[in-house]
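Please treat every number below as a calculation from the coordinates, not as lab data. In this text the structure is predicted, and so the values were computed from the model without any measurement. We place every Cβ from the backbone using ideal geometry, glycine too, and count neighbours over all the protein chains shown.
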C-alpha cells in the first residue's frame, strides 16, 4: 500500500482515517501521525465557523495546553490548515460513557469507581482555575479497560478571565445545567459538581434525569429535585443529594466527592450540611408547618419575654421614660426598644461612696406614689398631695 501524498495529509503530517464522532462545530477523526508513527485523534473544526466558534477553539487549545492529568485527554498539536482549524489529541480507543450507559444501568461499584476517577480529574482542573461547564456522558471517554477521560474543553472557562458568552445566553447542555446556570447567574466549580452528580445518577438508572426539550429539561430542575432511587446505599444517596443540591453552597467540592466515592462514605463531607444557607433548598417531600394555636402561643411567649426584658432595662436606666402599653393586636406587634434587651448587660451605677472619683450624682425620684416605681405600661396618674397639709386631700 502506497503512502499518502502530501496533499492528502492534514498539515502535511496527519492522515485522516475515519470519523469517530461529530458535534455542532467539529468532527473527531481517527488519524495517523506520519511523523511520530502513532495513532491520534484529530478534532477538525468545520470551515466557515463563526467568531464564537473560533474563540472556543482558541480557548480549548489554551486550556488543554496548560493541563496534564491521567484523567484528561492530552493535547499534542494544534493549527490551521486548508480544511480549517484542527486540534490533535491522544486517541482514547474505546467508547463514550453515553454509549456505555445505552447498554444498561451500571452497578454501584463501577459507578463509584468511575465517579472517583472523574472527580479527581475535575479537582485537578478546578485547582487550576478552570471550570469545564459541559460535563456530560458524551464528553467522557472510556478506553478498552474502562478508564474514564474527561474531554471537550471547548466551553471551559478560566476563572477571572473575560467571558465570550453573550448576555442572556446559557452555555452548556440543557439536561446537565446547574440551577444557577438556568437562572443566568455566575458559573463556578459547583456547576461541574452538579453535572457530575446527574451523570452518576444516569449511570445508576440508565436514563437521563431531566429529559425532553431544551427548555423543559433546563427548567425542570428548578421545580423538583432529582429522583434518586431509595434502594441505593444510604451513603451514596446522601452524596448524590448533596452534589445535586439546588444551592451551590451545599454541594461538596470535587476533592470531597473523590474521597467519598473512594471510601464509600460521605463522612468527610457531612460538615457541609451544617452552617449553610438552605433558603434556596426545596423541600422534596413534605413541609412541616406549626399549627395556628402553637404559633399564637409561641408569639405570646415571645412578647412576654420581650416585655420583661424591656421592664428590667427601664428599671435599671434612671433616665428612661415609662414604656407605653403593648398593642392589643398581637398578630402584628410593633416594638421599639432603645434599652438593652438583656438585663445582664445593662450598666448599674454604683453608690457615690464607692465611685473612684468620689463624685455624687443626684438621682431623679422614681415615678409613682410614695417613691414607688410605676409599673411599665401603667397609664393611670397618681393624684398630687396638697402642699402644706397633713391631711389627705378629698377626692
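Once you have the Cα-Cα distance between residue 68 and residue 37, take 0.36 nm times their residue separation minus that, and quote the gain in nm to one decimal.
8.9 nm
Which of the three applies to segment 8-90, rounded, prolate or oblate, going by the alpha-carbon gyration tensor with a ≥ b ≥ c and a/c under 1.5 meaning rounded?
Judged from the Cα gyration tensor, segment 8-90 comes out oblate (a/c at least 1.5, b/c at or above a/b).
In what sequence, highest mean first, do 101-109, 12-20, 25-33, 253-261 appear when ranked by Cβ atoms within 10 angstrom?
Going by the mean number of other Cβ atoms within 10 Å, highest first, we get 253-261, 25-33, 12-20, 101-109.
So, in nm, how far is label residue 30 from label residue 127 when the simple model puts each one 7 Å beyond its Cα toward the Cβ?
Using points 7 Å along Cα→Cβ, the separation is 3.5 nm.
Along the Cα→Cβ direction, 7 angstrom out, place labels at residue 247 and residue 99. What is the inter-label distance in nm?
My value for the distance between the label points is 4.2 nm.
Can you sort 45, 215, 153 by how many other beta carbons sit within 10 Å, fewest first?
215, 45, 153
How high is the relative contact order of segment 8-90? Use alpha-carbon pairs under 8 Å, at least six apart in sequence, and give a whole percent.
Values: 138 pairs, mean separation 22.0, N = 83.
About 26 percent, as a whole number.
Label-point separation (nm) for residue 183 and residue 113, each offset 7 Å from Cα along Cα-to-Cβ?
3.9
Using Cβ counts within 10 Å as a stand-in for footprinting exposure, how do 189, 244, 173 rank, fewest first?
173, 189, 244
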